[in-house]
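Take a look at the structure below.
The values are calculated or read from the model by the stated rules, or taken from the named source; none is laboratory data. For clarity, every value in this text was computed on a predicted model and none was experimentally measured. Neighbour counts run over all protein chains shown; Cβ positions are idealised from the backbone, glycine included.
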Amino acid sequence: MNYFKQIIRFAIPYKTYAVLNVVCNIFYALFSGLSFMVLMPLLEVLFNPDAEKPTVKPTYEGFTEFGNYFSNSLNYYISEMAGSDASKALVFVIILIISVFFLKNLFNYLAMYFITFLRNGVLKDLRNDLYDKTLELPISFYSEKRKGDILARFGTDVLEIQHSFLSILELIFREPLTIIFTILFMLTISVKLTIFVFIFIPISGFIISLIGKSLKRKSDKVQKEQGTFLSILEETLGGLKVIKSYNSEGSFANTFQNSTSRFFKFSNSLLNRTNLAKPTSEFLGIGVIGVLLWFGGRMVLVDGTLEGKQFIVFMGLAYNILTPAKAISKASYSVKKGNAAAERVLEILNTESPLEDKPNAKSKSDFTSEIGIKNISFKYEDDYVLKNFSLSIPKGRTIALVGQSGSGKSTISNLLPRFYDPNLGEISLDGENLKDLSKKSIRNLISLVTQDSILFNDTIANNLKTGKQNASDQEIINSLKVANAWEFVKDLSNGIETNIGDAGGKLSGGQKQRLSIARAVLKNAPIMILDEATSALDSESELLVQTNLEKMMSNQTLIVIAHRLSTIQNADQIVVMSKGEIAEQGTHTELLAKDGVYKKLVDMQSFE
């Protein structure tokens, strides 16, 4: 129950619905028991029509005689209204029975009506919190998780919690109340017979409980395997071109089928164990009823201590216990399954972000002097990709980072917006450590164009507005012109309102990259980071975009990460990186004169 104690906080905003549900369940349980008690006058009218009608109002003689008192009172009032007309008495009894059953089912509906708002409210808030947490957690968290597993937690795991949450409420309120009221009515008919029944019920409950012990473990396996095959599906959809071009459909199909086979095996085991509960509990319940028929029948036929009508009603009440008892059994299984789901969901919700803003984090609104990188070292896993790296980037300067793949260039672009924190050293903005500033204010000062053109299944305008929500159409068009994207956007059927498909799938690689640049241009932040931002452009487009950016960024700071050295020859400073360290730095002319690493890179690209 530890996990559900944490989940219960999501129900607090809907506590009014919970209270109304409990109130309705109390009345449901009451009328559920009464629905059998009111059968006694009907049995009296049907099977003993010539019996002498009571003329004196019965007196209450104690709880254990309440059954007779209740039956005699009903007979008395029905006789008062119907007189000596048996058919009229029958009509009154039928109206009474229908009324009691109507109220029972009315309160049953109202209880379910109110719980619906609570269940769906918890579902909504749980998913919203999960999504907020997904946005809050650092990128490093997801590099260790399968995307499909995260999706499974949003989908089936949250739904499992929702259903289990309803089971908990039934377990705590509705079914136990029904059992309690039913037992009370049974005691009013025969204390001896009721005690006899409850000698056997704990034995049945113990046998049923043995079935559900391994359900949480089995359910956890099912949910994890579902996350696995969803991840394979997500990766397949994202890499269809590669899979098809390498004729790897068979290999991926085998991987997926192996996962679904494991899911099939785990699901069968879980469902078979769950399905065993119903027949087991029903058989044990009928066993109790059988013993009860023998013992109670003797009390009617041999001892004469119980009337026939009372025994029939008592049997109905005893059977009335079986339904909620089975529901409690089913709910306990559901709780075990939900516990596994709650554990997986709470793993995300309870994860603390290592990049959490400090309580007194400052909000920085502008960039005035320089970016300082002082003796930083950083590793993603075991090996350091940056080692004792230091660099000063004054405002208004264009700094280029070059070097072979794996030299640490892109890591700088991940550290500056604080997607990660360095393991050693510090990065500062105008002399203030990034860790002392709010992440939101840092990222407001930076426009980033990544190596991969990340676009969304929306219109061109809305994709660009990711950088500036309140941008006008003219501002969007101007940013498209700077990125040399307006030339193809203006020819589209709906212009900037054209939907570009999932991940921009309707566009070419160069078009997607130009839109990514336009998005950064629209944001117009004082610091722009271009991480291989023009790698998919042809030489003419690249030169045009570069010229436009240099004009626009004349008073802003530009950090360019590039493999094509032709794009950075006009940079104020070029930093050549090798294995996470600075090999050399200077202007294009100075570095050529040094005849070092940069010169070799230039020669390899046949650049003059």
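Observations on the structure shown:
- The number of residues in the stretch 388-415 that are farther than 27 Å from THR589 by Cβ and buried (at least 16 other Cβ atoms within 10 Å of the Cβ) comes to 3.
- Residue list for the stretch 490-502, restricted to those being among the hydrophobic types (A, V, I, L, M, F, W, C) and under 11 Å from ASN463 (Cβ atoms): ILE496, ILE500
- Condition check for LEU355: on the phi < 0 side of the Ramachandran plot and part of a strand (DSSP E or B): no
- Considering only residues in the stretch 369-387 that are closer than 26 Å to ASP430 by Cβ and in contact with a Lys or Arg (Cβ under 7 Å, 6 or more places away or on another chain), the one that is surrounded by the most Cβ atoms within 10 Å (Cβ to Cβ) turns out to be GLU370.
- Test: residue in the stretch 356-368 that is in contact with an Asp or Glu (Cβ under 9 Å, 6 or more places away or on another chain), closer than 16 Å to PRO138 by Cβ, surrounded by fewer than 16 Cβ atoms within 10 Å (Cβ to Cβ) and not assigned by TED's automatic domain parsing to the domain that holds GLY408: yes
- Verdict on PHE256 being under 24 Å from LYS192 (Cα atoms), among the aromatic types (Phe, Trp, Tyr) and either touching a Phe, Trp or Tyr at 6+ places or on another chain (Cβ under 8 Å) or modelled with pLDDT under 75 (or both): no
- In the stretch 572-598, the residues that are closer than 26 Å to GLN556 by Cα reach residues that are of a type in the set (Asp, Glu) and assigned to a strand (DSSP E or B) with C-beta atoms within less than 6 angstrom, at least six apart or across chains, in these pairs: VAL576/GLU584.
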